[in-house]
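Below is one structure, written out as structure tokens; the observations come after it.
Nothing in this text is a laboratory measurement; each read-out follows from the coordinates by a stated rule. Being a predicted model, the structure only gives us computed values, none of them experimental. Cβ: placed from backbone, ideal geometry, glycine included. Neighbour counts: every protein chain shown.
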Amino acid sequence: MTNSHAFKDFFETYDCLTITGPTGVGKTGLAIALSNQWPIEIISMDSALVYRGMDIGTAKPSELELAQVPHHLIDIRTPLQAYNAAEFATDATRLIKQVRSKNKLPVIVGGTLLYFKALFEGLNDLPQTQPLVREEINTEAAQLGWPAMHEALKKVDPPTANRLPPSDAQRISRALEVWRISGKPISSYFLNRTPVELNNKLISLEPKDRSWLHNRLEMRFKDMVKQGFIDEVRGLKEDPNLHASLPSMRCVGYRQIWKALEENEQLTDEILTSIYNTGVAATRQLAKRQLTWLRGMSERVVIECDKENGSQIQKDLFRILRI
């Protein structure tokens, strides 16, 4: 490794470094570039990368990337298992200490900002309402009835279900919404968690031109489909234990493809076009939500990621870190 003096100064000043930003902007690549300069280990801050067997649609780091630098919190759950922000906070806190004990810098990489909040601020606030999720729950309730939705709530959040009557549509809907958004039962939000005091440097990759990101996400989704994304979801769908309401299957792209496979025996060109359009739209909506959240994080240092010369992004990071 080079730049030992810069590393020593940073290591003594900060407990960890976080590289975040909206989906698809090259966060992992930038972290790997840093690994050529400093001794680091990557702690994934991505709610989709935790799932085994979900590789293409999550843009999981390649075997080569995983071999270049140690990665943590990737492939730690099956798609049937839940993983939430509180668990991430506990795991990340442990890993930060573990990585630093090796005289390496923990670099947190990802765009699941609820995880970031849980780690650095604690979980005090419930996720904000997402109209699309709420609408989907209400549609299901119209078909199945609220007693059935109450039974569904029992499976994921027994404490809340036990205190609500099956007719309490408003509260059942909100509890299910929180679960689907975060993968965490609403009851656990009331267990106050004191955040760990960590000195963190926050770097955010953000495009100056939003259309650059839109085009990039469109190309990436198209490449995922070419790589076999639909077959990946089809394979998951063959598991009788998996269903569309699981947090894993509600990941962007997976949800849209699962729905298309559920509703159609054969994927015609028209249906493939619909998958493409809905998948791209959902990915763009995710990026928009991430950027909105990031704008409220005044401590972040922004690196413009839509520069023509990709190496300039690395130079900007190294300049910030005084490498």
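For this structure, a couple of remarks:
- Principal-axis tilt of helix 210-227 within the chain, Cα atoms, nearest 10 degrees: 70 degrees
- Measuring max minus min along each principal axis, the C-alpha atoms of the stretch 193-234 give extents of 44, 32, 14 Å (largest first).
- Paired Rg and Dmax values of the stretch 104-218, which use every Cα atom, in angstrom: 18.2, 54
- Given the chain, longest segment not containing exposed loop GluC sites (Glu not before Pro) (DSSP; at most 14 other Cβ within 10 Å): 1-120
- Whole-number percent relative contact order across the stretch 56-172, with pairs defined as alpha carbons under 8 Å at least 6 apart: 16 percent
- Since only Tyr14, Ile275, Leu30 are under comparison, the one whose Cα sits farthest along the positive direction of the charge dipole of the chain, derived from C-beta charges on Lys, Arg, Asp and Glu, is Tyr14.
- Cβ-placed point charges (K, R +1; D, E -1), dipole of the stretch 1-66 about Cα centre in debye, nearest 20: 140 debye
- Fluctuation leader among Val99, Val50, Val133 - the chain, Gaussian network, Cα springs under 10 angstrom: Val133
- Quotient of Cα Rg and 2.2 N^0.38 Å for the stretch 205-316, N being how many residues it contains: 1.28
- Choice from Asn199, Asn241, Asn84 showing the highest fluctuation, given a GNM over the chain with Cα pairs closer than 10 Å: Asn241
- Net charge contributed by nearby residues that have their C-beta within less than 12 Å of Arg284 (K/R +1, D/E -1): +4
- Entry note, the stretch 1-105: relative contact order of 32 percent, from Cα contacts under 8 Å with a spacing of 6+ residues.
- Checked against a 32 Å cut-off, the cross-linked pairs Lys154/Lys237; Lys27/Lys226; Lys102/Lys154; Lys155/Lys237; Lys97/Lys226 give Cα-Cα distances beyond that limit for Lys102/Lys154; Lys97/Lys226.
- The chain - percent relative contact order, Cα under 8 Å, separation 6 or more: 25 percent
- In the chain, the longest principal axis of the Cα atoms and the axis of helix 254-263 are about 30 degrees apart.
- Relative to its residue count, the chain spans a Cα convex hull of 137 Å³ per residue.
- In this Cβ point-charge picture (+1 for Lys and Arg, -1 for Asp and Glu), the chain has a dipole of about 860 debye about its Cα centre.
- Proximal aspartates and glutamates relative to Lys117, as straight alpha-carbon distance under 17 Å, when same-chain residues fewer than 8 apart are discounted: Asp15, Asp46, Glu87, Asp91, Asp125, Glu197, Glu299
- In terms of other Cβ atoms within 10 Å, Val25, Val156, Val301 run from fewest to most in the order Val301, Val156, Val25.
- The residues packed around Asn162, meaning those with a beta-carbon under 13 Å from its beta-carbon, carry a net charge of +1 if Lys and Arg are +1 and Asp and Glu are -1.
- Mean-square fluctuations from a GNM of the chain, with a 10 angstrom spring cutoff on Cα atoms, peak among Leu132, Leu213, Leu119 at Leu132.
- Helix 310-320 axis versus longest C-alpha principal axis of the chain: approximately 70°, rounded to the nearest ten.
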